[in-house]
Every structure is written in structure tokens, then in C-alpha cells.
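Reviewing the structure listed below.
Laboratory data are not the source of any read-out in this text; all were calculated from the coordinates shown. Because the structure is a prediction, the values reported are computed rather than measured. With ideal geometry, Cβ positions are generated from the backbone for all residues, glycine too; neighbour counts draw on all protein chains shown.
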Amino acid sequence: MLYRPMMTPAQCSASAHYVAQSARLSLHPQAVALWDDPAPPEAIRPVTSLGTPIALCQGLALVKREGKTVYMERTDHSCWNPMVWLGLGEITPGSPAFFAIRDRLGIRDPEKAAELLRSFPVLPVHQGILMGPAETCSFRPDVILFPCDNNFQLRFFLMAIKHETGALLQTTLDPIDSCMHTIAEPILTGDYGIAIPDPGDQERALSGSNETILAVPISRLEELERGCRYWRERGAGYEDFHPQMQLAFSQPPFYQALFQFWNVR
């Protein structure tokens, strides 16, 4: 938990830049760190810089769209979910806050809703959370979010992960709380995560209708980069696949061999 490999911020940025460029992402990947030091001078503090608290997803949107660096402490938040997983808002079972959240989780059975709420990840409390464009940020992050414009970009990343780990990526899809699933969970588990932007992302942070999020703990960044390099060097990168609706397409040698084994050709 909270393990940062011995990569300098410049090395993290270079690796994130390669990964993002390999899939032709149009949005900045977002570097996210739990933070106790003074915020970098370039960081926006919502309450003081913008004159209002904001939702965390709005801060992340400023990063991915405009390349801003954003720093948020307890009073900068206006959405409830980050308050929970950052440990800034108490949800002790039986408390008024617990029941208020339980009843808004979109689950008909209150007992099942309470069970889910009790399972929410909660990070150790830090002074704040710092976010910036991963390709240029001056700090070493805990997790990087890669916002994919389309499913083919996500597929390419899954190919890279599968090659390096030898396993299929397991994830949990939830219609809400995408920030929790892409920041808190990967930091605590050290595993990749995938999320669909939640209603807050859609309404308040203007996420695209085809957008998906790949969360990469910093300890897995070099692994992901290796996988991306592997496929690109072999002509199977994101940019190497093109639509071609040819019924009598030319079978690759691998296909031809298999069909000969099966006595089909």
C-alpha cells in the first residue's frame, strides 16, 4: 500500500507519456498522489484559487482536459464519495451519515446496501490529494488514470497487461463511485482497475460517452509500458489495426497453420 517504486518524477512522466502516446489518447493521463507536503506552486487550490469547493471529478477533468495541477484538502471537496474513501468523512455503521449513504446506493435491499457500504475502501488520512498531468507532473504519483476515448484503446492496454502478467485483468464494474474504484482500490490493492465514468463524471465533469478509465498503480507503470512496447515493436500496436471488411481476407500464417491442423483447408 502506498508503495512508490524508485522512479523519479521525470521517469514516471516519461513512462506515462509513452503509454498514452502508444494508444493515441486525446486526454492527459492523470497522476494522483496522497499528499502531506506543501502543494507545488503551480497547483490550483479550489477554495482559494477558484473561490468554491468542487467535486474531485471536476478537479480530474481540469487535469485531463486543460493540463492543470489541482490540490484538494478537506474543505475543497463538494462530493461525498471522496470524503469517505479519503477518510475525511465518518461513516461508522449506525451513524446518520451511514444511513444517508446506504439509502442512496441504488440497491433495493437495505441490508445488501449496508453490506456494500461497509466494504468501501478507506485510505489512511493525508493532508490532501494532488493531481496533475502525468506526462509533465513534478511529483511521483500513487496511481495514474489513463482516460480512454474508445474501447480499442482500452483493448490495447489489456493486451499489454495480459502479455506481461500472463493473466486476464479482473475488475469490478459499478455504475457509480468511479473515483473510488480508480484511486482508492488500486492504491490499496496494487492492482489495475477499470471504471466507467459515473453520473457525476457525466454531468459535472463532462466525460465523453465513450470514455473508460484504466487505473494503473505506480508500481505497475513500467510493466504496462513494457507490454505496450512489445506489441508496437511487433506491428500489433493500437495504430496498426485498421477497419477492412473483406470477406475473403488474407489469413495470417498462424490461422493457415491451424486450419491445416484441423483439415479445413
How long are the three semi-axes of the equivalent ellipsoid for region 1-159, computed from the Cα gyration tensor as the root of 5 times each eigenvalue, in whole Å, largest first? 29, 20, 15
Nearest-ten-degree value, helix 221-233 long axis tilted from longest Cα axis of the chain: 20 degrees
In order over region 186-200: 3J(HN,Hα) from phi, Karplus 6.51/-1.76/1.60, θ = phi - 60°, whole Hz, x for each Gly or Pro, gives x, 5, 6, 9, x, 9, 5, x, 10, 9, 8, x, 7, x, x
Ranked list, fewest to most other Cβ atoms within 10 Å of each Cβ, for Arg140, Arg74: Arg74, Arg140
On Cα atoms only, tilt of 56-66 relative to the major axis of the chain in degrees: 50 degrees
Quick one: what are the phi-derived ³J(HN,Hα) couplings along region 99-116, Karplus 6.51/-1.76/1.60 with θ = phi - 60°, whole Hz, x for glycine and proline? 5, 4, 6, 3, 6, 10, 8, x, 10, 5, 7, x, 5, 5, 5, 5, 4, 5
Protection-proxy order for peptides 75-81, 168-174, 95-101, each taking the mean of Cβ atoms within 10 Å per residue, highest first: 75-81, 95-101, 168-174
Calculated from backbone phi, Karplus (6.51, -1.76, 1.60) coupling profile of region 173-179 in Hz, x at Gly/Pro: 9, 9, x, 10, 6, 5, 5
List the pair-distance distribution P(r) of the chain, using every Cα-Cα distance, as the percent of pairs falling in each 10 Å bin from 0 up to the bin containing the longest distance, rounded to whole percents. 7, 28, 32, 19, 9, 4, 1, 0
0 to 90° range, to nearest 10: angle between helix 151-165 axis and the chain longest Cα axis: 80 degrees
Taking every alpha carbon pair in region 150-215, what does the distance histogram look like in 5 angstrom bins from 0, in percent? 3, 17, 26, 25, 18, 8, 2, 1
Amide proton proximity set for Val143, modelled H, under 5 Å, gap of 5+: Val32, Ile218
For region 63-153, convex hull of alpha carbons as volume per residue, Å³: 148 Å³
